[in-house]
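Everything below concerns the one structure shown next.
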Amino acid sequence: MANLKEIRLRIASVKSTQQITSAMKMVSAAKLRKSQTAITQLRPYSRKMSEIMAKLGDSMGEDIAFARQSANKQEHILIIALTSNKGLCSTFNSSIIKLTISQIDKFLAMNHKVSLFSFGRKGDIAFKKLENIDYLGTDDEVWDNLTFDKISKIAENYMNDFLHKRYDRVLVIYNQFKNAATQIPQVEQFLPVSSQINTEEQTQVHNNDYIFSPSKQEIINSVIPQSLKTQLYKCFLDSFTSEHGARMSSMNKATDNAQALLKDLTLTYNKQRQTDITNQIIEVSNGANAV
């Protein structure tokens, strides 16, 4: 059994760790409240924009360059994986890494060419080891100041790549925020624009015979790019919110575990101290009897 000094050192170490995890929990909770408000406000707008995009795609068909499906049997697919720069957030990063590798294996088995770009240092560490794909690198700084303007420029680059037929499909893999304890890994098609309405309100039958005002071309040049930028920003904001939710939950569990460990160590310390005192009393008593 450890002596009293060793137990005291362990208690001090656990208390220090508990203070750190508690502070990290509070920081993540503050960031979570802010980002959760943002994603909650963005989702209805993004959902409606996606619905409008689906209706336009179904009505205008090949008139939309962003909706044109590739005729190539061997497609060139770009996967965008959203991970974090920091750890200590439970399975937030590992679930995205596993899902991304699973998607890559599936596409390679279908003889497609796969390119991969990672946003986040944790994904970069794992993905740079992969073979048989074109790994394009990472952008870690995007998470330092996540804004719509920054994501808009990123979205424009991918849209231009798609229009110039550099890629036949662009997919985004990210964690969708449900609550602080639950994040759902998602694979979402960014390009080409899908004609499927991915909403729970998909029960009504819509009339797609529209009269366009302004012209179709003006709608293509304004509404559709704006919708795509919003869609990508929602993915990033979902991932950002999920990261802080996962880290807050993880640090909360770590703080609770530290408290439980402190309780056990304190009990062990008191028992050991009581044993030492009892032994000392016995030694004094034996000494007195011997005299």
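The values are calculated or read from the model by the stated rules, or taken from the named source; none is laboratory data. If you're wondering where the values come from, they're calculated on a predicted model, not measured in any experiment. Here the Cβ is made from the backbone with ideal geometry for all residues, glycine too, and neighbour counts use every protein chain on show. Surface areas here come from the heavy atoms of the whole protein model, side chains and all, with no ligands, DNA or RNA. Shrake-Rupley method; radii C 1.70, N 1.55, O 1.52, S 1.80 Å.
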Exercise for review: State which residue pairs qualify: first residue farther than 24 Å from Gln176 by Cβ and inside region 46-64, second residue open to solvent by less than 20 Å² (accessible area, probe 1.4 Å) and modelled with pLDDT of 75 or more in any location, beta carbons under 8 Å apart, and separation of 6 or more residues or different chains.
Suggested key: Leu56/Ile224; Met60/Ala67; Gly61/Ala67; Ile64/Val193; Ile64/Ile224
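Kindly indicate the residue of region 29-41 that is of a type in the set (A, V, I, L, M, F, W, C) and open to solvent by 30 Å² or more (accessible area, probe 1.4 Å) and also farthest from Ile220 (Cα to Cα) among those meeting that condition.
Step one: list which residues in region 29-41 are of a type in the set (A, V, I, L, M, F, W, C), which gives 29-30, 32, 38-39.
Subset that is open to solvent by 30 Å² or more (accessible area, probe 1.4 Å): 30, 38.
Numbers: Ala30: 39, Ala38: 27 Å.
Checked region 29-41; the qualifying residue farthest from Ile220 (Cα to Cα) is Ala30.
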Point to revise | Sole residue being open to solvent by 60 Å² or more (accessible area, probe 1.4 Å) and more than 24 Å from Asn72 (Cβ to Cβ), chosen from Asn132, Asn157, Asn145 | key: Asn145
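Determine which member of the set Ser46, Ser16 is more than 30 Å from Thr268 (Cα to Cα), open to solvent by less than 100 Å² (accessible area, probe 1.4 Å) and either of a type in the set (S, T, N, Q) or not in a helix (DSSP H, G or I) (or both). Walk me through how you get there before you give the answer.
Details: Ser16 fails: more than 30 Å from Thr268 (Cα to Cα).
When all the criteria are applied, what remains is Ser46.
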Review point. Any idea how many residues of region 232-255 are under 16 Å from Pro185 (Cα atoms), of a type in the set (S, T, N, Q) and either surrounded by fewer than 22 Cβ atoms within 10 Å (Cβ to Cβ) or touching a helix residue (DSSP H, G or I) at 6+ places or on another chain (Cβ under 7 Å) (or both)?
Key: 2
Point to revise | Residue that is least open to solvent (accessible area, probe 1.4 Å) [pool: residues in region 3-13 that are within 16 Å of Ala258 (Cα to Cα) and in contact (Cβ under 8 Å) with a residue 24 or more places away in the chain] | key: Ile7
Review point. What is the number of the single condition among (1) touching a residue at least 12 places away in the same chain (Cβ under 8 Å); (2) surrounded by fewer than 13 Cβ atoms within 10 Å (Cβ to Cβ); (3) closer than 30 Å to Val170 by Cα that Ala81 does not meet?
Key: (2)
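When you scan region 230-250, do you find a residue that is among the basic types (Lys, Arg) and more than 14 Å from the chain's Cα centre (by Cα), even just one? Before the answer, list the steps.
Quick first cut of region 230-250, residues among the basic types (Lys, Arg) only: 234, 247.
Narrowing further to those that are more than 14 Å from the chain's Cα centre (by Cα): none.
Within region 230-250 (the criterion being among the basic types (Lys, Arg) and more than 14 Å from the chain's Cα centre (by Cα)), the answer is no, since none of the residues qualifies.
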